[in-house]
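Rule-based calculations on the coordinates, nothing more; no lab input. Computed from a predicted model, the values in this text were never measured in an experiment. Here the Cβ positions follow ideal geometry from the backbone for every residue, glycine too, while neighbour counts run over all protein chains shown.
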Amino acid sequence: MGDQHVVTLANDSKGNPDEPLPALRWEEPPEGPVLVLLDQTRLPGEEVELVCTDVPALVEAIRGLAVRGAPLLGIAGAYGVALAAVRGYDVDEAAESLAHARPTAVNLAYGVRRALAAYRAALAGSAGGDPERAASAALAEARSLHAEDKEASAAMARHGLQLLAELLPGGGYQILTHCNTGALVSGGEGTAFAVALAAHRQGQLRRLWVDETRPLLQGARLTAYEAARSGMAYTLLTDNAAGSLFAAGNVHAVIIGADRIAADGSVANKVGSYPLAVLARYHNVPFIVVAPTTTVDQGTADGSSIEIEQRPGHEVTESTGNPVAPLGTQAYNPAFDITPAALITAIVTENGVVSPVTPDALAALCPSRAPGHDQVMG
C-alpha cells in the first residue's frame with residue numbers, strides 16, 4: 001500500500017463554474033513533490049483530495065477509481081513516472097505497475113510510455129546518466145501531455161458543436177449522455193460533456209439527460225455534479241429508463257466518451273453504452289463518440305481484441321456497504337462494453353470528425369504512435 005493521505009479541497013476554482021475542476025495537479029511542497037488528486041469516490045458529498053507521494057499510492061487511487069477517465073488516466077500515468085523519477089524510485093518498475101493498473105483505457109499506458117521515453121532519452125543523453133536531468137525531462141513530458149489534453153478538449157468541443165448544428169439544425173438539443181466525461185476526466189473541460197457544455201453556453205442545450213450509470217453511479221455522482229456546477233438544465237434517469245425517452249422522442253442525440261477505440265472504429269466505453277447505440281439506431285437518433293486521438297489504439301484491430309476489465313462483484317451486490325442481493329450471489333460486472341463502428345454516427349476528435357466511421361478515415365485523423373497497450377517496457 002502506498003503513501004496516500006487526504007486533505008480538504010483548497011483551490012480558487014472551487015464552486016466557480018467558469019473554471020475547470022481541479023481533478024489532478026502536481027505540487028512541490030518542502031517535504032518533496034506530490035501528485036494531488038480530487039477523490040472522485042467522495043463526490044458529490046465531499047470535495048477532498050488525495051495526496052500521493054509514491055507510485056503505489058497512485059496505482060491504488062487508479063484501481064479504486066479515485067482518479068478515472070481515459071484522458072486523465074494518461075495524464076496521471078505520465079505524472080506517476082515523473083513522481084517515481086523525482087523521488088528516486090525505480091522508474092521502470094513504476095512504469096510497469098502504472099501501465100497495468102487498469103487494462104481497458106489505452107491512454108494510461110500511452111501517458112506512461114511518453115514520460116518513460118523522455119526519461120530514458122534524457123538519461124542516455126546526459127554525461128554519466130544524470131538522474132536529476134532525466135527526472136526533469138519526465139516531468140516536462142507529463143506537463144506537455146496535460147497541456148495537450150486541455151487543447152484537445154477545447155478542439156473537440158468546437159468540432160462537436162459544429163457537428164450537432166449540421167445534424168440537428170435549429171438547436172434546442174436534448175442530449176443523452178452516459179457515465180462521466182467532463183473536467184473530472186480531462187486536462188480541460190472533458191470530451192462528450194465538453195460538447196454539451198459548449199451547446200449550453202451558446203443557449204442551444206434544452207436538456208442534458210444523465211444516465212445514472214450503474215453500478216458505481218458515475219452519472220449520478222459526477223456528471224450531475226458537473227452539470228449543476230455549470231448551471232445546465234439536466235435530468236437524472238436510471239439507465240433502464242432511456243428506452244422510454246427515445247420512444248417519446250425526447251432524445252435528439254446520444255453523446256458519449258470512450259476508453260479505447262480500436263483500429264476498425266469499435267469503441268469500448270462504460271458498460272451500458274452499447275444498448276444506447278442499439279436504441280439510437282432503432283429510433284434514428286445520432287450516436288456520437290467524443291474522444292482524443294490518444295484514445296485510438298491502432299494496435300488493437302477490432303472490438304473483440306479489447307480486454308474488458310471485470311470489476312468486483314460486490315459493486316453490484318452491495319450499495320454503500322449494504323447488501324442488495326442475497327449473500328453469495330454471483331455478479332457479472334464488466335466495466336465496459338463494445339459498440340461496433342456500424343452503430344456509431346460519428347467519432348469526434350481534436351483533429352476533426354470521422355463520419356462514416358471507417359478504419360481508413362479514423363487512421364487519417366490519428367498521428368502515428370507506437371501501438372499496443374502492453375508495450376511499455378523494452
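Before rounding to the nearest 500, sum -39500 (n - 2.57) across all DSSP H runs of length at least 4 in the chain and divide by the residue total; then give [θ] at 222 nm in deg cm²/dmol. Write out the running numbers ahead of the final one.
Numbers: 11 runs with 135 residues, N = 378.
-11000 deg cm²/dmol, from helical runs alone.
Could you check which residue among Ala154, Ala115, Ala165 shows the biggest mean-square fluctuation in a GNM of the chain with a 10 Å Cα cutoff?
Comparing Ala154, Ala115, Ala165 in the GNM, the peak value goes to Ala165.
Can you give the local net charge around Asp239? Use residues other than it whose beta-carbon is closer than 13 angstrom to its beta-carbon, Lys and Arg +1, Asp and Glu -1. Spell out each step's value before the answer.
On the way: positive: Arg214, Lys270; negative: Asp211, Glu212, Asp337.
Summing Lys/Arg as +1 and Asp/Glu as -1 gives -1.
Less than 11 Å Cβ to Cβ from Gln174, Lys/Arg counted +1 and Asp/Glu -1: what total charge do the surrounding residues give? Walk me through the intermediate numbers first.
Working: positive: Arg206, Arg207; negative: none.
Taking every Cβ under 11 Å from that of Gln174, the sum is +2.
Show me the GluC sites (Glu not before Pro) within the stretch 263-357 that DSSP assigns to loop and that have at most 14 other Cβ atoms within 10 Å of their Cβ.
Counting only loop positions with at most 14 other Cβ atoms within 10 Å, the GluC sites (Glu not before Pro) in the stretch 263-357 are Glu307.
Identify which of Ala331, Ala99, Ala155 has the largest mean-square fluctuation in a Gaussian network model of the chain, with springs joining Cα atoms closer than 10 Å.
Comparing Ala331, Ala99, Ala155 in the GNM, the peak value goes to Ala331.
Only helices at least 27 Å long along their own axis, judged from Cα atoms, and with Kyte-Doolittle mean hydropathy of 0.5 or greater: name those in the chain from DSSP H.
106-125
Give me Rg/Rg_expected for the stretch 4-149, where Rg uses Cα atoms only and Rg_expected = 2.2 N^0.38 Å with N residues.
Working: Rg = 14.9 Å, N = 146, 2.2 N^0.38 = 14.6 Å.
My calculation over the Cα atoms of the stretch 4-149 gives 1.02.
Can you list which of the trypsin sites (Lys or Arg not before Pro) found in the stretch 34-90 are DSSP loop residues with at most 14 other C-beta atoms within 10 Å?
Sparse-neighbourhood loop trypsin sites (Lys or Arg not before Pro): none present.
Strictly greater than 26 Å: what percent of every Cα pair in the stretch 230-354 meets that?
Details: 2526 of 7750 pairs.
Of the Cα pairs, 33 percent sit more than 26 Å apart.
Cα convex hull of the stretch 151-257: mean projected area in nm², to one decimal?
6.1
Using Stokes-Einstein with the Kirkwood hydrodynamic radius over Cα pairs, what translational diffusion coefficient do you get for the stretch 88-214 at 4 °C and a viscosity of 1.567 mPa s, in µm²/s rounded to a whole number?
Approximately 76 µm²/s, per Stokes-Einstein.
Report, please, the projected area of the stretch 154-365 averaged over directions, based on the convex hull of its C-alpha atoms, in nm².
Mean projected area for the stretch 154-365: 11.7 nm², to one decimal.
What order do you get for Cys366, Cys52 when you list them from fewest to most C-beta neighbours inside 10 Å?
If I rank by nearby Cβ atoms, fewest first, I get Cys366, Cys52.
Give the whole-number value, in cubic angstrom per residue, of the convex hull volume spanned by the C-alpha atoms of the chain.
136
If we count other beta carbons within 10 Å of each Cβ, what is the order of Asp130, Asp264, Asp259, fewest first?
Values: Asp130 14, Asp264 18, Asp259 30.
Least to most surrounded, the residues fall as Asp130, Asp264, Asp259.
Quick one: order Thr181, Thr104, Thr358 by neighbouring beta-carbon count within 10 Å, fewest to most. Write down the numbers at each step before the final one.
Details: Thr181 33, Thr104 20, Thr358 13.
Fewest-to-most ranking of Thr181, Thr104, Thr358: Thr358, Thr104, Thr181.
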